[in-house]
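Contents: one structure, followed by commentary.
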Amino acid sequence: MNPKEIAAHYEAKVFDSPEAATSAGFTLTETLTPRNVWNKASAAQSLMLKLRDKKEKGEVKEIGLVLEPWSVTGCYVPNESEQGAS
């Protein structure tokens, strides 16, 4: 699966830049910079699994991926209770 298909599998939003994600209310997490296409899919899968776990625990409301040509970044929308605590 490619990174967009992986995001769709986890019902995650896809953005083409970090600015697009932050302007949509998402908080950025780690950025991975794989060397090739296969590693990009692995990086996307790794980020999605971490974000899915946070979503299942109720820590985040929505998850997403920022897919740039040479990097993949995870992102999420925090729950209201977390936003109020910040």
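Please treat every number below as a calculation from the coordinates, not as lab data. If you're wondering where the values come from, they're calculated on a predicted model, not measured in any experiment. Cβ: placed from backbone, ideal geometry, glycine included. Neighbour counts: every protein chain shown.
Under 13 Å from the Cβ of E11, count the other residues' Cβ atoms, weight Lys and Arg +1, Asp and Glu -1, and hand me the total.
Details: positive: K4, K13, R52, K55, K61; negative: E5, E56, E62.
My count for the surroundings of E11 gives +2.
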Checklist entry - For the chain, what number of Lys pairs, 8 or more residues apart or on separate chains, have alpha-carbon atoms under 22 Å from each other? => result 15
Item to check | For E68, residues with placed amide H under 5 Å, excluding near neighbours | outcome: T73
Next on the checklist: Let me check I've understood the local charge: for K40, count other residues with C-beta under 13 angstrom from its C-beta, Lys and Arg +1, Asp and Glu -1. What total comes out?
Outcome noted: 0
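Can you show me the helix-derived [θ] at 222 nm for the chain, built from DSSP H runs with n ≥ 4 at -39,500 (n - 2.57) apiece and divided by the number of residues, rounded to the nearest 500. Walk me through the numbers on the way to the answer.
Numbers: 4 runs with 39 residues, N = 86.
Value at 222 nm, helices only, nearest 500: -13000 deg cm²/dmol.
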Checklist outcome for this item: GNM of the chain, Cα pairs under 10 angstrom: of S23, S71, S42, the biggest fluctuation goes to S23
Next on the checklist: Explain nothing, just compute: Karplus ³J(HN,Hα) = 6.51 cos²θ - 1.76 cosθ + 1.60, θ = phi - 60°, for every residue of the range 35-40 in order, whole Hz, x for Gly and Pro.
Outcome noted: 7, 8, 4, 5, 5, 5
Checklist entry - What is the dipole size for the range 3-85, taken about its Cα centre, with +1 at each Lys and Arg Cβ and -1 at each Asp and Glu Cβ, in debye to the nearest 20? => result 260
Next on the checklist: Can you bin every Cα-Cα distance in the range 16-86 into 10 Å intervals starting at zero and give me the percent of pairs per bin, rounded to whole numbers?
Outcome noted: 21, 49, 25, 5
Next on the checklist: In whole Hz and in residue order, list the ³J(HN,Hα) couplings for the range 18-34 that follow from phi through the Karplus curve 6.51 cos²θ - 1.76 cosθ + 1.60, θ = phi - 60°; x for Gly and Pro.
Outcome noted: x, 5, 5, 5, 5, 5, 8, x, 8, 9, 7, 10, 6, 10, 10, 10, x
Next on the checklist: Quick query: amide H of T27 versus all other amide H atoms, modeled in the peptide plane; which residues come in under 5 Å with a sequence gap of 5 or more or a different chain?
Outcome noted: Y76, V77
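Using a 10 Å cut-off around each Cβ, can you sort L28, L67, L51 from fewest to most neighbouring Cβ atoms? Spell out each step's value before the answer.
Working: L28 15, L67 19, L51 23.
Sorted ascending by nearby Cβ count, the order is L28, L67, L51.
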Item to check | GNM result for the chain, Cα springs below 10 Å: residue of A12, A20, A41 fluctuating most strongly | outcome: A20
